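Trainee: What follows is a structure written as structure tokens; I'll ask about it next.
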Amino acid sequence: MEKIKMNVPVVEMDGDEMTRVIWQWIKDELILPFVDLKTEYYDLSLPERDRTGDQVTVDAANAAVRLGVAVKCATITPNADRVKEYDLHEMWKSPNATIRGIMDGTVFRTPILIDSVKPIVRGWKKPITIARHAYGDIYKAVELRTDEGGTAELVFTGKSGKVERREVAALKGPGVLLGMHNRADSIESFARSCFNFALATKQSLWFSAKDTISKVYDGAFRDIFARVFEEYRARFEEAGIEYFYTLVDDAVARVVRSEGGFIWACKNYDGDVMSDMISTAFGSLAMMTSVLVSPDGKYEFEAAHGTVTRHYYRYRNGEETSTNPVATIFAWSGALRKRGEFDSLPELVRFADALEAATLGTLNDGLMPKELAALADGPAEAVNTRRFLAETASRLAAKLG
Ligand SMILES: NC(=O)c1ccc[n+]([C@@H]2O[C@H](COP(=O)([O-])OP(=O)(O)OC[C@H]3O[C@@H](n4cnc5c(N)ncnc54)[C@H](O)[C@@H]3O)[C@@H](O)[C@H]2O)c1
């Protein structure tokens, strides 16, 4: 069989631990036999980030901006234990945060559904994608605790010198205070990423906040979305999808009663909470994909889970593991499909579709990684990762042959 050609490389960001092991297996078994793979490779493993003073992460993110499509393996975000374990020079920042900052992107998380793992919410038939605004609000807040009463004020000094003040509270006794902010340009980028992703996936977009209570702050989010939407309205109509804004409590009720099949854009804290609710209710963290989309339509695909450390220690001891590779496979298929769409390579798009179909075929035939087999309704055989990949490779070859 002749291998499928690529023109422009995908930015490949390698990672750590068990997912790094699986990364290579996926390439060897599922991609390299079929595709003349072109990648621009960056090693984002923790030792390499430490060796380069984290420059490799910055270079990888810039490459993603330049080439437009990246695929990333899970990476360790170091904490104090990891600094000791890897003898690090510094407690390097989360690579995902660095990449998100450079691409100015929004993260979209989508569950992968299979027949035998039913969502806890019985009405859900299609995936629900959460878009979380990953800047500001309580995540960049300033907090203060006081042991005595007093007056708290919000004071803003403009560049022009104009000063605005609001009284926050006149406290009679001890209390707590919090000052948070967001930026109009960040909210606008978030809105654009959401509208672009809705068009690219042909799904309606919901956006929720609490503007009845927070008239100025959440009201600004609502207004910016409404203004930016006007640039997209005609394309939404043409695609047969809609955008609407609703209160966050109303959104929760609608989501639970829905069939799925839409994107729910959330403010930072709502997105933090709701993405865990959605992934748990759909089944497994290992079946969740994550795509970072920049406001000008650049994409970085990855699995939503981490490096599966526990399995890695067992693998290092020579044990077989049943680590779920599905979300990492879908990160590769997502990146190759997007490259195929950008470069008008229908064969590459067809390959991405076949790779996903073959993976779902293995699962729907009842051959599953252990944690998924435990959730399945009906007969399921727990297989190790190598067997799962081999079964998927033979289904893929049959589809492409
Ligand atoms: N996007 C990323 O790069 C990313 C995201 C989260 C965590 N991390 C990193 O991953 C490391 C481990 O963190 P963690 O344990 O909190 O998260 P994790 O996602 O690796 O594991 C959480 C739990 O889910 C299970 N699990 C996750 N993915 C699985 C899979 N594919 N197959 C089978 N079981 C799976 C694990 O066994 C564990 O019980 C940390 O160093 C963290 O910094 C990276």
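Trainee: Mind telling me which of the residues GLU347, GLU381 ends up being in contact with a strand residue (DSSP E or B) (Cβ under 7 Å, 6 or more places away or on another chain) and either without any contact (Cβ under 8 Å) to a residue 12 or more places away in the chain or closer than 17 Å to ASP115 by Cβ (or both)?
Mentor: Working: GLU347 fails: either without any contact (Cβ under 8 Å) to a residue 12 or more places away in the chain or closer than 17 Å to ASP115 by Cβ (or both).
On inspection, the qualifying residue turns out to be GLU381.
Trainee: A follow-up question, please. Just to be sure before I move on: is VAL56 buried (at least 16 other Cβ atoms within 10 Å of the Cβ), in a helix (DSSP H, G or I) and within 16 Å of the ligand (Cβ to nearest atom) in the structure I sent? Lay out the reasoning, then the answer.
Mentor: Details: buried (at least 16 other Cβ atoms within 10 Å of the Cβ): yes; in a helix (DSSP H, G or I): yes; within 16 Å of the ligand (Cβ to nearest atom): yes.
Taking the combined requirement at face value, the residue satisfies it.
Trainee: Give GLU341, GLU319, GLU356 a once-over and let me know the one that is without any contact (Cβ under 8 Å) to a residue 60 or more places away in the chain and assigned to a loop (DSSP other than H, G, I, E, B).
Mentor: Values: GLU341 fails: assigned to a loop (DSSP other than H, G, I, E, B); GLU356 fails: assigned to a loop (DSSP other than H, G, I, E, B).
Residue meeting the stated conditions: GLU319.
Trainee: Could you tell me how many of the residues in segment 25-53 are more than 15 Å from the ligand (Cβ to nearest atom) and either on the phi > 0 side of the Ramachandran plot or not hydroxyl-bearing (Ser, Thr, Tyr) (or both)?
Mentor: Start the filter on segment 25-53 by keeping residues that are more than 15 Å from the ligand (Cβ to nearest atom), which leaves 27-41, 51-53.
Subset that is either on the phi > 0 side of the Ramachandran plot or not hydroxyl-bearing (Ser, Thr, Tyr) (or both): 27-38, 40, 51, 53.
Of the residues in segment 25-53, 15 are more than 15 Å from the ligand (Cβ to nearest atom) and either on the phi > 0 side of the Ramachandran plot or not hydroxyl-bearing (Ser, Thr, Tyr) (or both).
Trainee: How about segment 370-393: which of its residues are modelled with pLDDT under 95, surrounded by 15 or more Cβ atoms within 10 Å (Cβ to Cβ) and either part of a loop (DSSP other than H, G, I, E, B) or in contact with a Cys (Cβ under 6 Å, 6 or more places away or on another chain) (or both)?
Mentor: Residues satisfying the conditions are LEU375, ALA376, ALA380.
Trainee: Of the numbered conditions (1) away from the ligand (no atom under 12 Å from the Cβ); (2) under 25 Å from PHE388 (Cβ atoms); (3) surrounded by fewer than 21 Cβ atoms within 10 Å (Cβ to Cβ), SER333 satisfies every one except a single condition; which is it?
Mentor: Of the numbered conditions (1) away from the ligand (no atom under 12 Å from the Cβ); (2) under 25 Å from PHE388 (Cβ atoms); (3) surrounded by fewer than 21 Cβ atoms within 10 Å (Cβ to Cβ), the odd one out for SER333 is (3).
Trainee: Another one. Before we move on, is TYR269 modelled with pLDDT of 95 or more, in contact with an Asp or Glu (Cβ under 9 Å, 6 or more places away or on another chain) and surrounded by fewer than 16 Cβ atoms within 10 Å (Cβ to Cβ)? Spell out how you get there, then give the answer.
Mentor: Numbers: modelled with pLDDT of 95 or more: no; in contact with an Asp or Glu (Cβ under 9 Å, 6 or more places away or on another chain): yes; surrounded by fewer than 16 Cβ atoms within 10 Å (Cβ to Cβ): yes.
When the stated conditions are applied, TYR269 does not pass them.
Trainee: Mind listing whichever residues of segment 284-306 are of a type in the set (Gly, Ala, Ser), away from the ligand (no atom under 12 Å from the Cβ) and more than 13 Å from the chain's Cα centre (by Cα)? Outline the logic, then answer.
Mentor: First, the residues of segment 284-306 that are of a type in the set (Gly, Ala, Ser): 284, 286, 290, 294, 297, 303-304, 306.
When the remaining residues are screened for being away from the ligand (no atom under 12 Å from the Cβ), the result is 294, 297.
The answer is GLY297, and nothing else.
Trainee: Among THR98, THR19, which is within 12 Å of the ligand (Cβ to nearest atom), of a type in the set (S, T, N, Q) and either more than 18 Å from TYR299 (Cβ to Cβ) or not in a helix (DSSP H, G or I) (or both)? If you could, list the steps in order and put the result at the bottom.
Mentor: On the way: THR98 fails: either more than 18 Å from TYR299 (Cβ to Cβ) or not in a helix (DSSP H, G or I) (or both).
Matching residue, one of THR98, THR19: THR19.
The values are calculated or read from the model by the stated rules, or taken from the named source; none is laboratory data. Model, not experiment: these values are computed from the prediction. Note that each Cβ is placed from the backbone with ideal geometry, even for glycine, and that neighbours are counted across all protein chains shown.
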